[in-house]
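Q: Got a structure here, written out as structure tokens. Questions coming.
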Amino acid sequence: MAHRYLNFSRTPVIVRRYHDYIRVASQGGLMRVPLSSPKVVGVVNSRGNRSHQEDFYGYATLSLNPEELRLSVKKAHGIDWDYDAVGEVMSRQVLHGGSAVSQYLRQELHGLFESVDKSVIADLFAWIKEIGGYFKRFKGGALAPWIEGKSDEEMTLEARATLAFFEVDRNLSADSVAQTCGATASVAILHSLDAPSTPFFSAKTLALTVAHCGDTRVLLCNTEGGKVFPMTENHHADARVESIRLRRMMGSSLITDSYGESRWMGALANTRCLGDLRYKRFGVTPEPEVRTKLLNGEDWAFMVLVSDGISSMLSDAEIVDLARGAPDPKTAAERILAFSEELGGDDNATTIVVPLAGWGKVTGPDSTKDLREYRRNQAVGSERQRRM
């Protein structure tokens with residue numbers, strides 16, 4: 001994005017139930033564990049040398065409708081989760097976290113994600129159709145069952161994420177700055193299916209839902225050999241998912257700039273984003289790509305979210321290898337950022353490391369160790385030559 005700040009002067013009234021701690025069952029009742037602890041979620045953030053841009057991130061424990069959560073895991077994984085066995089408070093608890101490039105999203109997305117309601121879908125869809133162009137043929141995606149306002153079924157997490165992302169665009173449409181400013185956003189929802197309920201970092205069975213719009217990488221690290229499993233694909237115009245979507249609906253408006261980078265309409269690196277409203281009728285959409293995965297917690301060591309300031313410098317395998325073996329998630333995140341900067345990365349960068357039940361149990365060799373050492377030596381040599 002050319003610019004990464006979005007301003008919004010008419011923030012909607014949102015009932016906020018989310019909080020910055022996770023409830024954990026103990027013999028004495030429920031205790032609160034702060035998400036800001038470096039052992040619970042590890043985060044590092046660097047603004048780099050590009051003063052006009054900045055990454056933002058956020059994480060919180062949301063309170064969602066347990067029936068909606070049940071329908072989501074039933075549809076995605078065929079599991080009929082019994083939330084009555086968990087209890088009223090714990091059945092609503094999910095971890096919501098992610099990376100974005102907008103201060104507005106950091107402040108508002110948690111509350112918006114919690115509060116959006118299916119009753120507004122019909123009006124929202126009418127607004128979407130008014131955009132024209134690409135959206136003349138848009139059928140509603142995950143929102144389709146509620147467009148006529150007749151379905152009593154609860155939304156799934158995919159529908160909730162889609163509704164929340166489109167609502168961001170509708171809210172921003174009142175701001176002229178949002179016509180030419182855009183933000184990427186990727187969120188991960190971790191929902192423990194254990195009964196009695198357990199927190200995400202020790203859950204034996206965990207439902208992961210990733211709603212993704214842009215080029216943040218969301219990666220899982222398996223305990224068996226430290227294998228990496230990506231949950232996102234970059235939404236660039238020449239990427240597989242996006243090229244199929246855009247050619248089917250819009251033909252091709254892909255232009256390569258003087259640096260050899262592909263730009264949609266000659267301007268945008270990402271073809272899914274929030275904001276950049278002037279490009280929406282040309283196929284740029286806030287509709288998130290939603291992927292789900294059922295996790296046996298002990299098979300997975302951690303999840304990593306990184307912004308493009310990291311992923312442009314490091315491969316997926318290098319990212320997870322740098323995190324494995326770290327004493328805590330905060331240190332793991334610091335290692336990833338530090339190595340990116342050693343290689344010359346100067347873009348704004350964010351790394352979030354979320355431990356899972358297999359934390360500290362990765363087996364097998366560090367497969368990228370020799371490559372990283374070679375790249376480090378190359379970077380040092382290049383820096384010496386530059387100073388001569």
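Q: Cut-off 10 angstrom, C-alpha nodes, Gaussian network model of the chain. Which of 301, 161, 326 fluctuates the most?
A: Of the options given, 326 has the highest mean-square fluctuation.
Q: So, one more: Cross-link list 39/293; 74/280; 118/204; 330/361; 227/293: which exceed 27 angstrom alpha carbon to alpha carbon?
A: 74/280; 118/204
Q: Same structure again: I'd like the FRET efficiency for residue 343 and residue 129, computed as 1/(1 + (r/R0)^6) with the beta carbon distance as r and R0 of 45 Å, rounded to 0.05.
A: Values: r = 46 Å, r/R0 = 1.02.
The calculated FRET efficiency here is 0.45.
Q: For residue 42, what is the net charge nearby, where nearby means another residue's Cβ is under 12 Å from its Cβ and Lys, Arg count +1, Asp, Glu -1?
A: On the way: positive: 39, 330, 335; negative: 328, 334.
After counting each charged neighbour, the total is +1.
Q: Now, a different point. Residue by residue through the stretch 357-370, which ³J(HN,Hα) values in whole Hz follow from phi under the Karplus form 6.51 cos²θ - 1.76 cosθ + 1.60 (θ = phi - 60°), with glycine and proline marked x?
A: Whole-Hz 3J(HN,Hα) from phi for the stretch 357-370: 4, x, 4, x, 10, 6, 9, x, x, 6, 6, 10, 4, 5.
Q: Roughly how big is the chain's charge dipole about its Cα centre, with Cβ charges of +1 (Lys, Arg) and -1 (Asp, Glu), in debye to the nearest 20?
A: On the way: 47 positive and 49 negative charges, 120 e Å.
That gives a dipole near 580 debye.
Q: Could you compute the FRET efficiency for residue 374 and residue 85, with r as their C-beta to C-beta distance and R0 at 56 Å, rounded to 0.05?
A: That pair, residue 374 with residue 85, gives E of 0.60.
Q: Mind sorting 292, 209 by how few other Cβ atoms lie within 10 Å of their own Cβ, fewest first?
A: Working: 292 20, 209 25.
Fewest to most other Cβ atoms nearby, the residues stand as 292, 209.
Q: Moving on to the next point. Which one of 29, 344, 141 has the biggest mean-square fluctuation once the chain is modelled by GNM with Cα springs under 10 Å?
A: 29
Q: Related question: Between the stretch 204-248 and the stretch 21-44, what is the separation of their alpha carbon centroids in Å?
A: 27 Å
Q: Relative contact order of the chain: what whole-number percent is it, with Cα pairs under 8 angstrom and at least 6 residues apart?
A: 22 percent
Q: Could you work out the equivalent-ellipsoid semi-axes for the chain, taking the square root of 5 times each eigenvalue of the Cα gyration tensor, largest first, in whole Å?
A: Square roots of five times the eigenvalues give 31, 30, 18 Å.
Q: Here is a follow-up. Once fully extended, how much extra length lies between residue 74 and residue 387, figured as 0.36 nm per residue of separation less the alpha-carbon to alpha-carbon distance? Mind showing how you got there, number by number?
A: Details: separation 313, 0.36 × 313 = 112.68 nm, distance 5.96 nm.
Residue separation times 0.36 nm, minus the Cα-Cα distance, leaves 106.7 nm.
Throughout, read-outs are computed from the coordinates displayed, never taken from laboratory work. Given the structure is predicted, the values throughout are model-derived calculations rather than measurements. Neighbour counts are summed over all protein chains in view; Cβ atoms, including those assigned to glycine, are modelled from backbone coordinates with ideal geometry.
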